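Below you'll find the structure, written out as structure tokens, and then a few comments.
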Amino acid sequence: MRLSSLEYLSPRNVKGILNVLSEHGREAAILAGGTDLLVKMKHRLIRPRLVVDLGMVDKLRYVKWDKKGLRIGAGTKLYEIIQSDSIKAKFPSLSQAASSVASPQIRNMGTVGGNICLDTRCWFYNQSHWWRKAIEPCFKVGGNVCHVARGGDRCWALFMADTPPAFLALDANVKIASKSGERTIPLSQFYTGKGKSPNVLKQDELVTELIVSKNGYKSSYVRFSFREAIDFPVIGVSASLLLEDGAIRDCRIVFTGVGSSPVRASATEEILKGKGVEEAVIEKAAKEASSEIRPISHMEIPALYKRKLGGAMVKKAIKKALEEVDG
Amino acid sequence: MREYSIVGKSLPRIDAKEKLTGAAEYTGDLRLPGMLFGKILRSHLPHAIIKNVNVERAKGLKGVEAIITGMDSTGDKYGMFTPPSPVFADRDPLARDKVRFIGDGVVAVAAVDEDLADEALDLIEVDYEELPAVFNPEEAMAEGAPKIHDYAERNVNVRLERNFGDLEKGFRDADYVREDIFKTQAVQHAAIEPHAALAFWEPAGKLTLWASKQDLYFTRGDLSRTLGIPKSDIRIIKPYVGGGFGSKFELFDLDFSAALLSKKSGRPVKICYNREEVFVASRTRHAATIQLKTGVKKDGTISALDAKVILDTGGYAALGPVSAFLGLLMLVTIYRIPNMRIESYSIYTNNPIAGAMRGHGAVQPIYALEAQLDYIARDMKIEAKEMRIKNSRKGGEVTPLNSVLSSCGMLESIEKACDSSGLVKDRVKLPEGYGLGIGCSCFISGANIDPNLPFEATIKVHTDGSITLLTGASDIGQGSSTTLAQIAAEELGVGLEDIRVIATDSAVTPVEAGSYSSRVTVMSGNAAKAAALEVRRQLLGVAADMLEARVDDLELRGNRAFVKGSPGREVTYDDLVSYAYSKDRLPITGTGTFRPTDVGVGRPFIPGEGGDFTPSFSFGTAVTKINVDMETGKVKVSEITHAHDCGFAINPMSVEGQLEGSGVSGQGFALYEKLYYDKGKLMNPSFLDYRLATSLDAPGPSDVRSIIVESLDPKGPYGAKEAGEGTIISPAPSIANAVFDATGLEIKELPITPDKVFLALEARRGGVR
């Protein structure tokens, strides 16, 4: 499959990017690593008239620490997250999430911003132009049906990115820029929960930075996929835990792969809060997580399995976060 | 055993450098001046009548040079074999009257570049009248099911049945009888090189086709038939091929379309499938339902087998009848079972076309039989290994289908694989969640199925001393050119590097059936050996003159001829050639032909016909070690030990490569790979969503043990048998049986994905309501 002909722009600074986005709006697509965008373009899922490449904008590519905490430029490559010793030491979940994406080649190209903005996926959507001719247009492409949840009234495409749950479990903020200015919002407000348009980003906006200010939390990201590489997670879970005198003072449990956006398991968190780090507590939390998440059968993976797996993965995530305590 | 210099040695492939450096040119790399690019518009409906095709708008697009539809072929349906039988010849190169699966080619366009050709496809309007469709064989066979081909009642492409002994008595004699139904999924070859063809219809009216093919002559016959030109006007050249595994056999829509578009445009036309097209429009391994009823005596002897195999061949037969027969043949051959009834069906549905795939027809039923044998072994408290040994064939046996097993290394493969893997010894000691499993295999070494296709090779010694081996055998990555060159070098007493191989150009190389049914090493190998022996005879004649010795006393080895037992009485190969040249005895040419002597030309896969077609069978055993993550259901393969009786390994490194590749591919079939269809639509036509095993999923190099068993078959060159297809059969059942060993779960449907394992475990724990 080939790209259709298009215009290619590569401004040298953020301002240049924002100008292009402001001028061309829907006709422009932001090219970061391209690992998701180019496939969608070849499938003719999107047909931008021009792409604006972030590749020349060095100022979007950094990992730095200041009084706010950790700042990561949206253009930072996933492998650069993995290579950062300070991230590995302070927020191991981010490192673990970045290193579970696809394959070395894709991690070398893919960016943090791209992973945060990753579109939802569905076997009825991520297909070629010719393939989709065989089916009625679904919600995701502007139609009125969902082929996954037949009779459903919305798009059920799945959010499957690895790093967002890790950022969310650390209460990260995201900085969004447009020609008219900048805003910083909690990442939790970035996601809409809608399969059709999973985030709030407008056509003229660009994600420029992720900010993590949490302190003292132990964290982990675990994911389960059918094969060991080049596979989206069936389920991914990030856990962050604040321990005090052997008890869990605060925590976050965030899933990927179970809905149209990352899903925070608040009831599961409540079970953990204030309890000692004991097998029985973890077991109870896992059980709660299993019933708290509401995945549907998708891409040939049964909902029942996903629910049960969700519990097992929560257990693994908590234990992995605690290992970091000992290690 | 004779001492060999070149055969039996692990020599690097003669084309390794070209491939590793990227210098090797595949069909898709070729370019001719003025070349156009072709694309094929495919049906997006599973079953529909083509009412009208309007190409006017596409024609008007600047840069579009030619457009063809199904109506541009002769209308003679094609398929394997001449004279054509309706059970094969059910296809048009592009659909004429109706489309029968999503992906059926309908219109082809040639344009000055690929983007334009793509754009043109969007402008073509095809009027379809949609027909009811059917997507599984059971429903297709039911009364009132949509009829896909006029001739095929209840969509039965073929139904084959063979009965041996007294089935009733066999079950009466049994102490234990067990019935199971197994299902295997459609999977794909996933050769790294997609299908490609480049055609040039020369002004003089002759056609040259460069194509990624496993065979030249079935393709040429089908082209002649559908284009309406004599075979002699068609030259087919096979450049380097990046894997076939059964998917690059016979005429495809792109071969025909490139040819006819070239005729219409007067320019060369190239068509390359993209990966999605490979997935939907090439071939798959038949999804199968295998019903087995097996009777066993107390001591483990199998007394009766009643088997029914149903294959989903998709919208067209392709090789469906052969696939159905091969399953039957392998069930008959693998174990000594006195009483049998075997029924095998190839059934039309509106799914994409199934066809030959490595381990053709055998993979599905042998998986089922091997899995059931382990269930029986547990039920009867017999060791799984003993179960196989008790029923194993031995060399010299004649099977109920009258195959003479001229050699059989089954027992040796079982012993060696079990010893090396610790199957019996370690099984009892494994912790919970760990398992060891065994799987056995047998497969044909070649098929003698077409009287018009002999096996021939020619060797020429030129005036400059260089040696050329001409062969029609298709090297598709399996290394056949190297194997054949080794044979020639061995007989001529020269080095492997002294042989230049020119292969698979129908205008240059001798007629050859192609690379399928694991026939090249045995049949082309024997032909190459015969050609080399003829050249050797002539070279020795020259040497006898020079050395004033009797031919019988001479030997050719190490690039010289010498008198055996008389040190110093020798001439170098170069002097030999100079002398022959001076005496006008060059070039020396030898042509060798091979015909299996005790095997006829049979087409037992056509209902009503019979006969045998294979000279010998390979045998093998795989033992796999796995562990199951009880919390997720995921199966991890940690070790595989794989012993294969290839008769004699002409190149042991190549045989090991086949064993290692088969292990990973078999693992994919057992655990990950599946083509998911939704009403005939393939849901995962990409390498992201179709899960081939990656290097991280496969066991590490030190945990893969390849064992070569050499039973020295009298019919093969140096004793060789096949090593390319039989190897793929045993890994999947060995993995399934290891999962059974680890968990006690009887999962009778492949692939054994984590959700199946986990939900079965939960059901047993009582956790799922």
(request) Give the longest segment of chain B that steers clear of GluC sites (Glu not before Pro) in DSSP loops with at most 14 neighbouring Cβ atoms within 10 Å, not counting the sites themselves. (result) B:144-396
(request) Assign unit charges at the C-beta atoms only (+1 for Lys and Arg, -1 for Asp and Glu), then state the dipole size of chain A relative to its Cα centre in Debye, rounded to the nearest 20. (result) 740 debye
(message) Taking θ = phi - 60°, what integer Hz values does the Karplus form 6.51 cos²θ - 1.76 cosθ + 1.60 yield along region A:192-203, in sequence order, with x for Gly and Pro?
(response) 9, x, 9, x, 5, 9, x, 9, 8, 4, 8, 4
(request) Step through the residues of region A:169-179 one at a time and calculate ³J(HN,Hα) from phi using the Karplus curve (6.51 cos²θ - 1.76 cosθ + 1.60, θ = phi - 60°), rounding each to whole Hz and writing x for Gly and Pro. (result) 5, 9, 6, 5, 10, 10, 9, 10, 10, 9, 4
(message) Tell me the mean residue ellipticity at 222 nm calculated for the protein assembly as shown from its helices only (DSSP H runs of n ≥ 4, each -39500 (n - 2.57), averaged over every residue, nearest 500).
(response) -8500 deg cm²/dmol
(message) Test of understanding: in a Gaussian network model of chain A with alpha carbons linked when under 10 Å, which of A:Val222, A:Val148, A:Val112 would top the mean-square fluctuation ranking?
(response) A:Val148
(request) Please report how far the C-alpha centroid of region B:537-576 lies from that of region B:193-260, rounded to the nearest whole angstrom. (result) 45 Å
(message) Between region A:73-102 and region A:179-203, what is the separation of their alpha carbon centroids in Å?
(response) 22 Å
(request) Work out the charge dipole of the protein assembly as shown with +1 on the Cβ of Lys and Arg and -1 on the Cβ of Asp and Glu about the Cα centre, then indicate which of B:Leu533, B:Tyr375, B:Val520 is farthest towards its positive end. (result) B:Tyr375
(request) Report Rg(Cα)/(2.2 N^0.38 Å) for region A:1-57, keeping two decimals. (result) 1.07
(request) Putting +1 on Lys and Arg Cβ atoms and -1 on Asp and Glu Cβ atoms, find which of B:Gly63, B:Leu671, B:Phe648 reaches farthest to the positive end of the dipole of chain B. (result) B:Phe648
(message) Helix check for chain A. Which DSSP H runs span at least 18 Å along their own axis by Cα, with a mean Kyte-Doolittle hydropathy no less than -0.5?
(response) A:303-326
(message) Here is the link list: B:Lys39/B:Lys59; B:Lys429/B:Lys756; A:Lys40/B:Lys756. Which ones come out longer than 21 Å on Cα distance?
(response) B:Lys429/B:Lys756; A:Lys40/B:Lys756
(message) My understanding is that a pair violates if its Cα-Cα distance is over 18 Å; which of A:Lys320/B:Lys625; A:Lys275/A:Lys319; A:Lys77/A:Lys319; B:Lys248/B:Lys270; A:Lys133/B:Lys62 do that in this structure?
(response) A:Lys320/B:Lys625; A:Lys77/A:Lys319; A:Lys133/B:Lys62
(request) Check cross-link reach from B:Lys308 to the lysines: straight Cα distance under 16 Å, and skip same-chain residues fewer than eight apart. (result) B:Lys183, B:Lys293, B:Lys748
(request) Please identify the helices of chain B, taking whole runs of DSSP H, that span at least 20 Å along their own axis as judged from the Cα atoms and have a mean Kyte-Doolittle score of 1.0 or higher. (result) B:320-334
(message) As a footprinting exposure proxy, order B:Lys429, A:Lys202, A:Lys133 by other Cβ within 10 Å, with the fewest listed first.
(response) B:Lys429, A:Lys202, A:Lys133
(message) Give me, ordered by chain and number, the residues 5 or more places off B:Tyr128 or on other chains with an amide H under 5 Å from its own placed amide H.
(response) B:Lys51
(message) Please arrange A:Arg26, B:Arg2 by how many other C-beta atoms lie within 10 Å of their C-beta, fewest to most.
(response) B:Arg2, A:Arg26
(request) Could you please rank B:Cys408, B:Cys442, placing first whichever residue has the fewest other Cβ atoms within 10 Å of its Cβ? (result) B:Cys408, B:Cys442
(message) Quick one: 3J(HN,Hα) in Hz for region B:337-349, Karplus 6.51/-1.76/1.60 with θ = phi - 60°, rounded, Gly and Pro as x.
(response) 10, x, 10, 9, 10, 10, 10, 9, 10, 10, 10, 6, 9
(message) Check which residues have an amide H placed less than 5 Å from A:Ala247's amide H, if you skip close sequence neighbours.
(response) none
(request) Answer with one residue from A:His298, B:Phe740, B:Thr208: the one whose Cα lies farthest towards the positive end of the charge dipole of the protein assembly as shown, charges on Cβ with Lys, Arg +1 and Asp, Glu -1. (result) A:His298
(request) Work out the length of the dipole vector of region A:1-57 about its Cα centre, built from +1 on the beta-carbon of each Lys and Arg and -1 on the beta-carbon of each Asp and Glu, and round it to the nearest 20 debye. (result) 200 debye
(request) Please report, in debye to the nearest 20, how large the charge dipole of the protein assembly as shown is about its Cα centre when each Lys and Arg carries +1 at its beta carbon and each Asp and Glu carries -1 there. (result) 2660 debye
(request) Name the residue, out of A:Gln105, A:Gln203, A:Gln127, whose mean-square fluctuation peaks in a Gaussian network model built on chain A with Cα pairs under 10 Å. (result) A:Gln105
(request) Run the numbers on region B:470-595 and let me know its relative contact order in percent, using alpha-carbon pairs under 8 Å that are six or more apart. (result) 27 percent
(request) Could you work out which residue, out of A:Ser266, A:Ser213, A:Ser180, moves most in a Gaussian network model of chain A, that is, has the largest mean-square fluctuation with Cα springs under 10 Å? (result) A:Ser180
(request) Please compute the net charge surrounding B:His286, taking Lys and Arg as +1 and Asp and Glu as -1 over other residues with Cβ under 12 Å from its Cβ. (result) +2
(request) Determine the distance separating the Cα centre of region B:1-80 from the Cα centre of region A:1-67; give it in Å without decimals. (result) 35 Å
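The numbers here are math on the coordinates, done by the rules we state, and not lab data. Because the structure is predicted, anything quoted here is derived from the model rather than measured. No Cβ is skipped: glycine too gets one built from the backbone with ideal geometry, and neighbour counts run over all protein chains shown.
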